[in-house]
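**Q** Provided herewith is a single structure, encoded as structure tokens, for subsequent inquiry.
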Amino acid sequence: MSGEVAGEVRVVVAVVLQTVVVVVAAPFLVGVLRQVRARWEGRVGQGLLQPWRDLVKLARKEPLQASGSTVVAWVAPVVVLGSGLLLAALVPTVTTAGPARLPADLFVVVSVLLVGTVALGLLGLDAGSAFGGMGSSRHLTIAALVEPTVLLAVYALSVPVGSTALGPIVEGRLADPGRVVAPAGVLAVVALAIAVVAETARIPVDNPSTHLELTMVHEAMVLESSGRDLAAVELGSWLRLSVLLALVANLVVPWGVATAGDGGPGLPALALGVVAVVVKTAASGVVLATAEVFMAKLRLFRVPELLTGSFVLAFLAVTGSYVIG
Amino acid sequence: MSSGDASQAVALLAGLELLTAVLLAWRGPASSPRGPLAVQGFALAGLVAVIGVAEGEPVLWLVALLVGVLKGVVLPTLVVRRPSRAAGPAAPPAADRPATVRPVVRPAVVRGRSRVPLLLGAAGLVVVAYLAARPVTRVVTGATGQALPVGFALVLVGFALLATGRRSQSQLVGFLVLDNGIATTAFLATGGVPLVVELGVSLDVLLVVLVLQVLGSRIDTAFGAGAPGGTDLDQLRELHD
Amino acid sequence: MAAVLTAPLAAGLAAGFTAGPVVGPALVWVALLGPALCALAVLLLRRRAVVLVADVVASSVVLLCGGALLAGVADGGAAVVTAGGLLRVDPLAGYLLVVVGAVALTATWGGLSPGRARSRRGGRYTTLVCLFLAAMVLAVVADDLGVTWVAVEGTTITTAFLVGFAGGRRAVEAAWKYVVLASVGVGIAFLGLVLLYAATRAAGDPTLSWVRLVTDRPAVDPTVARMGLLLAALGFATKAGLAPMHAWLPDAHSQAPAPVSGLMSGVLLAVAFGAVLRIQRLDAVLLDGAAVRTLLLVGGLLSLLVAAVLVVTQRDLKRMLAYSSIEHMGLVAVAAAVGNRLALAAMLVHLLVHGLAKASTFVMAGRVLAVEGTTAIADVHGLVRSAPRIGIPFLAGAVTLLGLPPSGLFLTEAALVVAGLRSGYGWAMAIVLVLLLVVFVGMGRAVIAMTLGAPAPAGSSEPAAAATEALSAPLAPVALALAAACLLALATPLAGTLDSVVAVIGGAP
Amino acid sequence: MSATPTAGPVLPQPVLSRPTTREALRADVAALLADGHRMLLVVAENAPGAVRLGYVLARPDGGPEGPSGAGESRVELTLEVSTDDAWVPTIADLSYPGGRFEREIRDLFGVEPRDHPLPRRLVRHAHWPRAWHPLLGERSAQTDVVPDFGEDLSAFPFLEVGGDGVYEIPVGPVHAGLIEPGHFRFSVVGETIVRMKARLWYVHRGVERLFEGRTPDDGVVLAERISGDTAVGHTLAYALACEEALGLVVPQRDRLVRALLLELERMHNHAADLGMILNDVAFGLANVHLQRVRENLLRLNESVTGHRLLRGGVRVGGADVVALPDVGLVRAAAADVAEVVRLALEHPMVLDRLVATAVLGREDAVRMGVLGYVARASGVDVDARRDHPFVDPAALPGGPPAPAVDSEGDVLARFTVRAREVEASARFVVAATEVLASGGPRASAGPQSAAPRGIARGLGIVEAWRGLLCHRVTVGADGRLARVKVVDPSFMNWPALPVALADTIVPDFPLANKSFNQSYAGNDL
């Protein structure tokens, strides 16, 4: 076995491991978010395992589809889950290494995100119910404002590296820690964080724990889903949340991530990478949940303002990366 | 401090100023401008100190202290200081209530206009500032020259805040951001104007803010509204041709 | 008027001036601290008499010191330098001091009001007027442009409460707009000064001293220096009331008490314009001088246009006078842009004569308000017959402002046009003449309607206290100022002085 | 009326009954309205071969809303219409609430309001059997037979809003969460509500019919259960009405205890609702704290009357408490509420959600006869504690709790008004407890049992926590209840919600709805 092939295999192993870790950890992250909120509110909480239990329970159930729903009702959950899995493989969470044929390019990642977003939107529309349509319309409005911000923010981060692939960006920050506190980088990460909060339907953009249909965004779209379909949609959404949160965590604190190095990352590096990303993501989950506790949901018409603000920050990051480095 | 550290610090502080300027444009009518203004003031003071260290001019440390106190503490406090009248008649503390519990009063806020145009405008203005500052950055070398467009950007964003501010407080905030922009430009481009001028300028700014605060509360009295942030200045329509 | 009166005195002082090097700096300090001490006296003593006359005393001090300094530094005398070079009186500064003193004396003397002095806020008023004077003196005598800036901003601060002195919605609105716009405008000037400083720093010799910049001529980066000078000129021009940065002026000038309006219209604009003149000189020395000249020409013509349009449609007397000030500052700016010796000399005389006439007219407008209870042009009729003690001087002041002979403004305007034609600004002069005519017709019509003709049937039979006071107020300051405004331009002894002033701001032959 | 010379006014003020005719009805009502009266209720009652209608109006005692100097007055205009010719001239154009009562009576008794501008069904859903009026006729084995219900075939006549981009969102009647049934139909453009129509009356329980035939004392249990969160309010209004009918005089001490219970009820409901409003803007932290306060208050209630919702406290002829409330707990609860409310009001995001949301203008509030905190938040100063007192103000420590009034009419106004009412209630509870603990007003002569010699009627008016609440009781010659008419303030306030929603955005509806928090059960009897 030549060195090149061995490297290739190692990379594939790394990517598979990364995907598995993210899939296993994503429901736990949701559990962490809920538990932290519960503790802040003085409740006992449901425990970290509950999202996993919910998933298992739903996966065992046969999906019921609303009358009048089309093929979208069962294709969309698959697409949502698929895009989540693809994201887990592409985005550098455990390792910055990626197979050459699967480019973890910024534009590819954003496209994958968008595919999931659109699938979710179509799922909401499919049954033809008022709530689903309402949720989809809000969801796509927000998405239209979020995606450019994500693009722009990551682009600002890519300027000092000279590559739009996420792996080298994270590696670049690891190699030059000064970049982490550089103004352009700070602005970009702040913008990205806001975009991630909006993209993953958290407070203050959406309230994941509300029962009020009229205020829902994400929840309104999945009202008609049930059983395995609901499990797929939920897991897909949780994967997005985990991957994006881990990405932000890796950008802010790049240490510990397994770098591509020569011939792919070794096992010790991967093990360290797994531990590091779990700790970092859990920590950012705690921060996110804590911030949510002390925040209220924005008025729907204020959401574009928030997102415009994050867009402006991302824009300033791009100009700033030319102006003040 | 090596020149690399200095330039990194200058860039960080300048970035902080820019961020706070955007936050001030972003802020809704109910949130206080005090925090961002104070951060901006301290960032400016830090900038002065860094320049003082880099250029070995102890007098700049003194100026940094002055700037820090004035723009980091005094002016932001002045801007949010509510005229005592707006606090309303203080209810006499009832005997059956602990003194710490103040009665609930309806906060006098209004729902502001959308900030989207202002935010987008601010982004455009930063680009304009970058272009406008190009000739100056040719003259001023080093890290300070690199960050100089931030000063221009602050001037322009401050101007936009001032021009679009509907309340006396938002106009004051715009004025202070504008002034911080000029000061940033001054320190980045020249390492500070002569001390006498600096003192005079600081005094002037302080007095102007004081004067505007007094006038703002007089406007509140004359136009009979005590919203925090001052009366809607769109009401000022008595004088026109 | 005052210049004529004090000429012998000033000549005496000037004699002592050359005797020793101490007298000159002392005079500068007296001019600067005199008004400040008057303010202090008002604050400390709080006597009605002190409150009443402190501002008049302060104006007289400025006038006397200014006259003496001008006599000393003109005609080849060396500039008076003190405070380690921060303060410097050259012929231009001396001349502007005389303008400040003379106009301030007219405004404060004519605006003497025992009623206000008795009132609770009278002390505050007089204090602020004295401090305002001190700030203007500092702006004139400062050599360091940064100090000039501080002083000009100081005039905004001191006048803010004077503009809002009357209280009520309109006054606070005017004060707010005034402070915001003026501070921002002057802030822009500071940005310009900063850039200029940066340019000189890059050239190896960081300074904001005007005289050093003019004499050393550092090799500055032209782009940065031009940006700086343009921004500085633009900023100071805001304070000088040039369009399109004039928006604050009509509000502030119409809402302030009459003497303050007179001071602001008569001298504050001139003081701010003095700073513009210094910037223009720097532009000419350091660069080619084209940028600021264009700015002044465009600003001047635009001011004339704005004034012409709005004077014609004006319904309020004080606002009309404010627009008249914009018109005259426009003329002054055009003259500065033309820039030859004749134009500059005409401009300098214009500043003084306009100041005297405008101060007098504002003082009379204040009395019109006191007697008639309104400044609405449509509500005032036949003043000459109903209240001749007010109507006749008001008419005389307005006629002087309109530039009818024998007004000095007639001569200066004529000289400006001649100078402009000589320097090849024929098209600009044509515009100036047309707009002057429009202003003349618009303002003339309003003034005639107010003064001549039949008075309105008497309304209330019982005149208010303010009206009684206005009817018995002294006419001497107004009469003297108007006489001076008509005669000064003819005074040939001034020619030499003017020559030396013009030399400072560099008139081409 | 009473021959005994008393220092203060006769409390509560008795009702003056005045017969009128179909021809004179409109003029009489108009005259009373012009004289500062407000329409409290219209009651229908079975009479032999006829339906007896009573139009009850009342004028507040002084107060800023009433004509100055004029004392309190309660008037009932009575009118009998034969069942064969069951119609009345409508007063809907004179009084908006009057028009709603007419529709209710039309559905339940079959008395047609002639020329009614809005003659749609109110209570009766379409699946009710035709020509069946459940309250018509004396209670008997025959009339109690409920005929078979059909299917709800004919759609409720929702007004369709046309135009580009208008779409409808139907919500309910079954909601997520523990909410009573109600169907809302939103016509929306983008996210802005153009029009909202609420369809209620899904759970008609026949409460009023259940009262009939009970003794007044037996009715208390039922009154406590009309609307669970308003146990004291309904029971007290019922007891007051019975006492007037039976001629009972309640001792001063018991009256003070009743006032105290009423304020305790107000406190726990307001505390819970303030939390729910904040929960609807996703400020859950404040909600859990306010629910904790509510739980403390409920436990306090249990110590006072033995029931967490204060049942068992009020009875006909008096009031009983197990123990007086712990003053310290009341103070602590009020301080906690004030603290959380202040935290919320200092939160810019929360404030931005509350301010200028779902504005109910003063004019609309007056026109629709809105009551309670909803009215007070819209600048209408109505408060039955002051306007229609049941306890001598001189006996109240520090006078009745001062009403909190705000003029803005938005969610923030309703929020702050309720927060201020918690403070006022706590102050009152503390003061009243201290007075009662130190002996208080002496128990005057106990209830004089005066057996009614014929049909007797009484009216009870109470400022319950939601607002002015009335019961109209008719006691038959046999001493049993012949008719009990219940009017919860929600009946008056429900129509104001759609008005306030105009130009509100859809995601703000739950917030607006919660700030009104009308009762479904109290409305749908």
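The values are calculated or read from the model by the stated rules, or taken from the named source; none is laboratory data. The structure displayed is predicted, hence computed values, not measured ones. Glycine gets a Cβ as well: all are built from the backbone with ideal geometry, and neighbour counts include every protein chain shown. Areas reflect the complete protein model, heavy atoms only, side chains present, ligands, DNA and RNA absent. Shrake-Rupley method; radii C 1.70, N 1.55, O 1.52, S 1.80 Å.
**Q** In nm, to one decimal, how far is the C:ARG118 label point from the A:LYS61 one, both placed 7 Å along Cα→Cβ?
**A** My value for the distance between the label points is 9.0 nm.
**Q** Average partner chain C-beta neighbours within 10 Å, per residue of C:185-194?
**A** That works out to 6 on average.
**Q** Give me the Debye-computed log₁₀ of I(q)/I(0) at q = 0.07, 0.10, 0.11, 0.13 Å⁻¹ for chain C, equal point scatterers on Cα only, no solvent, two decimals.
**A** The Debye formula, applied to the Cα set alone, gives -0.33, -0.70, -0.85, -1.22.
**Q** Let me ask something additional. Summing both sides, how much accessible area is buried between B and C? Use a 1.4 Å probe and give Å² to the nearest 100.
**A** The B and C chains share an interface burying roughly 4200 Å².
**Q** Per the helix-only calculation at 222 nm, which mean residue ellipticity applies to chain C, given -39500 (n - 2.57) for every DSSP H run of n ≥ 4 and division by its residues, nearest 500 deg cm²/dmol?
**A** -26000 deg cm²/dmol
**Q** Accessible area per residue for segment C:145-288 in Å², computed with a 1.4 Å probe and the full protein assembly in place, what is it?
**A** 21 Å²
**Q** Roughly what would the spin-label model give for D:THR143 and D:ASP217, points 7 Å off Cα along C-beta, in nm?
**A** 2.7 nm
**Q** Just order C:307-320, A:83-96 by mean Cβ neighbour count inside 10 Å, highest at the front, would you?
**A** A:83-96, C:307-320
**Q** Hey, can you grab everything whose amide H is under 5 Å from the amide H of B:ARG111? Only 5+ residues off in sequence or another chain; H modelled, so Pro and N-termini drop out.
**A** none
**Q** What do you get when you divide the Cα radius of gyration of segment A:1-119 by 2.2 N^0.38 Å, with N the number of residues?
**A** 1.35
**Q** Let me ask another. Check each of the trypsin sites (Lys or Arg not before Pro) in segment D:96-183 and keep only those in coil by DSSP with at most 11 other C-beta atoms within 10 angstrom; list them in order.
**A** D:ARG120, D:ARG130
**Q** Next up: Would you mind giving the mean number of other chain beta-carbons within 10 Å of the Cβ of each residue in C:170-183, as a whole number?
**A** 6
**Q** Can you tell me the accessible area per residue over chain B, all protein chains present, probe 1.4 angstrom, in square angstrom?
**A** 39 Å²
**Q** Between chains D and B, what is the buried accessible area summed over both chains (1.4 Å probe, protein heavy atoms, nearest 100 Å²)?
**A** 1700 Å²
**Q** Take segment D:349-444, compute every pairwise Cα distance, and split them into 10 Å bins from 0; I just need the percent in each bin.
**A** 16, 37, 26, 15, 5, 0
**Q** How big is the equivalent ellipsoid of segment A:252-325 along its three axes, where each semi-axis is √(5λ) from the Cα gyration tensor, reported in whole Å from largest to smallest?
**A** 33, 22, 9
**Q** Please report the orientation-averaged projected area of chain B, defined via the convex hull of its C-alpha atoms, in nm².
**A** Hull-based average projected area comes out at 16.2 nm².
**Q** Could you grab the relative contact order for segment C:290-434? Cα pairs under 8 Å, six or more apart, rounded to a whole percent.
**A** Computed over segment C:290-434, the figure is 26 percent.
**Q** Still on this model: Give me the accessible area of B:PHE42, 1.4 Å probe, in Å² rounded to the nearest 10.
**A** 100 Å²
**Q** Ignoring trypsin sites (Lys or Arg not before Pro) that are buried or in helix or strand per DSSP, and keeping those with at most 14 other beta carbon atoms within 10 Å, what is the longest stretch of chain A between them?
**A** The answer is A:102-325.
**Q** Rounded, prolate or oblate: which one fits segment B:149-222, using the alpha carbon gyration tensor with axes a ≥ b ≥ c (rounded when a/c is under 1.5, else prolate when a/b beats b/c, else oblate)?
**A** oblate
**Q** At a probe radius of 1.4 Å, figure out the A/D buried accessible area, summed over both chains, and give it in Å² to the nearest 100.
**A** Summing both sides, the interface buries roughly 2400 Å².
**Q** Output wanted: per-residue J couplings in Hz (rounded whole) for segment C:79-96, from phi through Karplus 6.51 cos²θ - 1.76 cosθ + 1.60, θ = phi - 60°, x for Gly and Pro.
**A** Once θ is set to phi - 60°, the couplings for segment C:79-96 become 5, 8, 10, 8, 6, x, x, 6, 10, 7, 10, 9, x, 4, 4, x, 5, 5 Hz.
**Q** I want to check the label-to-label distance for A:THR290 and C:THR215. Put each point 7 Å from Cα in the C-beta direction and report it in nm to one decimal.
**A** 6.5 nm
**Q** What number comes out for the charge environment of A:VAL197, summing +1 per Lys or Arg and -1 per Asp or Glu over other residues with Cβ under 13 Å away?
**A** Net of charged neighbours comes to 0.
**Q** Same structure again: For the protein assembly as shown, what % of the accessible area comes from carbon and sulfur atoms, probe 1.4 Å?
**A** Carbon and sulfur atoms account for 64 percent of the accessible area of the protein assembly as shown.
**Q** Same structure again: Expressed in whole Å with the largest first, what are the equivalent ellipsoid semi-axes of the protein assembly as shown derived from the C-alpha gyration tensor as the square root of 5 times each eigenvalue?
**A** 72, 49, 27
**Q** On to the next question. Taking the radius of gyration and the Kirkwood hydrodynamic radius from Cα positions alone, what is the Rg/Rh ratio for segment C:145-288, to two decimal places?
**A** Dividing the radius of gyration by the Kirkwood radius yields 1.05.
**Q** Give me P(r) over chain D, computed from all C-alpha to C-alpha distances, binned every 20 Å, as integer percentages.
**A** 22, 57, 20, 0
**Q** In segment A:2-323, what is the volume of the convex hull around the alpha carbon atoms, normalised per residue and reported in Å³?
**A** Measuring per residue, one finds 129 Å³ for the Cα hull of segment A:2-323.
**Q** Work out how far the C-alpha atoms of segment D:146-215 reach from end to end along every principal axis, then list the three figures in whole Å, largest first.
**A** Principal-axis extents of segment D:146-215 (Cα, largest first): 58, 27, 19 Å.
**Q** Separate question: Lysine pairs in the protein assembly as shown with Cα distance under 17 Å, only those 8 or more apart or on different chains: how many are there?
**A** 4
**Q** OK, next. How fast does segment A:6-66 diffuse by Stokes-Einstein, in µm²/s, taking the Kirkwood radius from C-alpha pairs at 4 °C and 1.567 mPa s?
**A** 93 µm²/s
**Q** Need one value for D:353-359: mean number of C-beta atoms belonging to other chains within 10 Å of its residues' C-beta atoms.
**A** 4
**Q** Still on this structure, please answer the following. With a bin width of 10 angstrom, please list the P(r) values of segment C:300-509 as percents of all Cα-Cα pairs, from the 0 bin to the one holding the largest distance.
**A** Percent of Cα pairs in each bin: 9, 34, 32, 17, 7, 1, 0.
**Q** Estimate the FRET efficiency between C:LEU43 and D:ALA402 by the formula 1/(1 + (r/R0)^6), using the beta-carbon distance for r and 56 Å for R0, to the nearest 0.05.
**A** Result of the calculation: an efficiency of 0.75.
**Q** Related question: On the Cα set of segment C:6-141, report Rg and Dmax in Å, please.
**A** Considering segment C:6-141 through its Cα atoms, Rg and Dmax are 15.2, 49 Å.
**Q** Here's something else I'd like to know. Under a Cβ-only charge scheme (Lys and Arg +1, Asp and Glu -1), can you give me the dipole magnitude of segment A:52-177 about the Cα centre, in debye to the nearest 20?
**A** 360 debye
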